[in-house]
Amino acid sequence: MYAIVQHGGHQYRVEPGKTVEIERIEAVAGDTVTFDQVLFLGGETTKVGAPTVAGATVRATVVGEMKGDKILVQKYKPKSRYKIRTGHRQRYTQLKVDAITA
């Protein structure tokens, strides 16, 4: 069984026992997080939400935090001789999915 959940404007496909990286949330390792916005349940039977599946939740445990790959941003304007190069690393929270309830 798998589910598609929505969090922070993004949609994630989750399965029990697997880890998923979502945008950073305020939680420490070992905390339990519950997602109520389940958009789709798949497996032997399929349930599609309108917009969410009623009564479906996903429970996950926080594994820790991590940083993503570095993204370089470059700007250049030839007439004004303006150049800038900056970097950015997005922070993520790793979750281990415990259970999907329908």
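Coordinate-derived values only; no laboratory data. Note that the coordinates shown come from a computational prediction; the quantities given were computed from them, not determined experimentally.
Overview of values
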read-out	value
Spatially proximal lysines relative to K96 (Cα-Cα < 20 Å; intrachain offsets below 8 disregarded)	K18, K67
Alpha-carbon radius of gyration plus Dmax, which is the widest Cα pair, for the chain in Å	18.4, 62
Debye-sum result for the range 45-90 in log10 I(q)/I(0), which assumes one identical scatterer on each alpha carbon, at q = 0.18, 0.25, 0.30 Å⁻¹	-0.76, -0.93, -1.07
